[in-house]
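Worksheet: one structure, shown below.
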């Protein structure tokens, strides 16, 4: 490899100015296009069922009685797992979800298993909950309204929602590994209440 | 947006498949380019595949180190096929190091190898743009323009279309560049510098930028560093060619 001569390393406008010009333009554009620090507060984030957006609100009946209203869970870390009894990967990840729920519920984790009841039967749901010994609340989407609102395209789908109601990540399909669930939950719980 | 394609009980990640198609076309093009530059196409393919495999392993290990307690409690999860437990930058670094190590071990000449990779890399960037369009990722900032698209409840810049067009332009520049088959490394640097310029410009229209202190977008700052490095190398390698009498080879 030949090293450059001393003469060639001197500044030559015709050769060096285009490089410098491109870099200067890039720096100016970066400064010009930065976001003012006080703009876009998080409470203005529109609702949409994807990462970085506010989790769309819903109300659903719970299997054990009572109702869950998502917006009332603001201030808590929420995992929303959408599942059905006939879905093999949903079954496969239930033990991991139950384990993580038991490990982190004392630290403020809320886990809701939202069953797609419009495509399922409540009797099967009861049997399923007993079979897997689920202790987290199971909500029933009887008319498919939550499924439509959250544009569910695959089962299971899991939404990790932070204390401000912002969806931090979405996992479509499964089964999720226990480490994946735990890592996402740790991130949610790290945030100051 | 069509992020998933359902075929019976199977749910295919359509956008991920598109990115894979981009990798496949890019790999095919790279092999052809390697033959034109009188490099061994098998070695180039092996280098890319080794880099990709090492990249996946590095990305998983990087993620596991970041969430060490979760993986100590569930060590089997280290081998799960879920793509969510990957740390991208760790994977890129590991993959790059593995590819460089393999290339040096097999005696691949640096600059012709880089130039053989250039058009394939540009094709991959086009595939990535299409993949983003299908998944709805890398979405644009809200704006009401005649060419805005409705995405995630709002009218937005079609940033994925901008990204794809920019990658196509870079591919065109690379493909028709007079330096394409000289094996000087300049064509590769052209792709890197062009991609960095495109990201710096187009990031301003994105709605998902991560913000640093002072309101700077992290992708723009990182791209500035990459652009500066690519320009400096273009300058330096150009000087070396002049000093060597313009032979164009190392």
Subject >> Over chain A, relative contact order from alpha-carbon pairs under 8 Å, at least 6 apart, % >> reply: 27 percent
Original post:
Taking each residue of B:72-84 in turn, how many C-beta atoms of other protein chains fall within 10 Å of its C-beta, and what is the average?
Top reply: 5
Original post:
Given just the C-alpha atoms of the protein assembly as shown, how large is their convex hull per residue in cubic angstrom?
Top reply: 170 Å³
Original post:
Can you give the angle from 0 to 90° between the axis of helix B:218-243 and the longest principal axis of chain B, with both taken from C-alpha atoms, to the nearest 10?
Top reply: 10 degrees
Subject >> Residues listed by number, region B:63-106, amide nitrogen under 19 Å from residue A:92 label point at 7 Å toward C-beta >> reply: B:74-86
**OP:** Report, as an integer, the average count of C-beta atoms from other chains found within 10 Å of each Cβ along A:18-28.
**Re:** 4
Subject >> Sites residue A:121 and residue B:153 - FRET efficiency at Förster radius 35 Å, r taken between beta-carbons, to 0.05 >> reply: 0.60
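Give the peptides A:77-85, A:163-171 in descending order of average Cβ contacts within 10 Å, highest first.
A:77-85, A:163-171
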Original post:
How big is D for region A:42-190, in µm² s⁻¹ as a whole number, if Stokes-Einstein is applied with the Kirkwood radius of its Cα pairs at 37 °C and 0.692 mPa s?
Top reply: 217 µm²/s
Original post:
Rg and Dmax of region A:69-117, Cα atoms, in Å?
Top reply: 11.7, 33
Original post:
Looking at region B:165-250 from every direction and averaging, what is the projected area of its Cα convex hull in nm²?
Top reply: 6.4 nm²
**OP:** Consider all pairwise Cα distances in region B:4-182 and report the whole-number % of them above 21 Å.
**Re:** 61 percent
Original post:
Which angle between 0 and 90 degrees, to the nearest 10, do you get for helix B:186-202 versus the longest principal axis of chain B when only C-alpha atoms count?
Top reply: 30 degrees
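So for B:89, A:29, fewest C-beta neighbours within 10 Å to most, what's the order?
B:89, A:29
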Original post:
Over chain B, what is the mean sequence separation of C-alpha contacts under 8 Å (at least six apart), divided by residue count, expressed as relative contact order in percent?
Top reply: 20 percent
Original post:
With each label point set 7 Å from Cα along the Cα-Cβ vector, what nm distance links residue B:208 and residue A:135?
Top reply: 3.6 nm
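Laboratory data are not the source of any read-out in this text; all were calculated from the coordinates shown. Because the structure is a prediction, the values reported are computed rather than measured. Please note: Cβ atoms are built from the backbone with ideal geometry, for glycine as well, and neighbour counts cover all protein chains shown.
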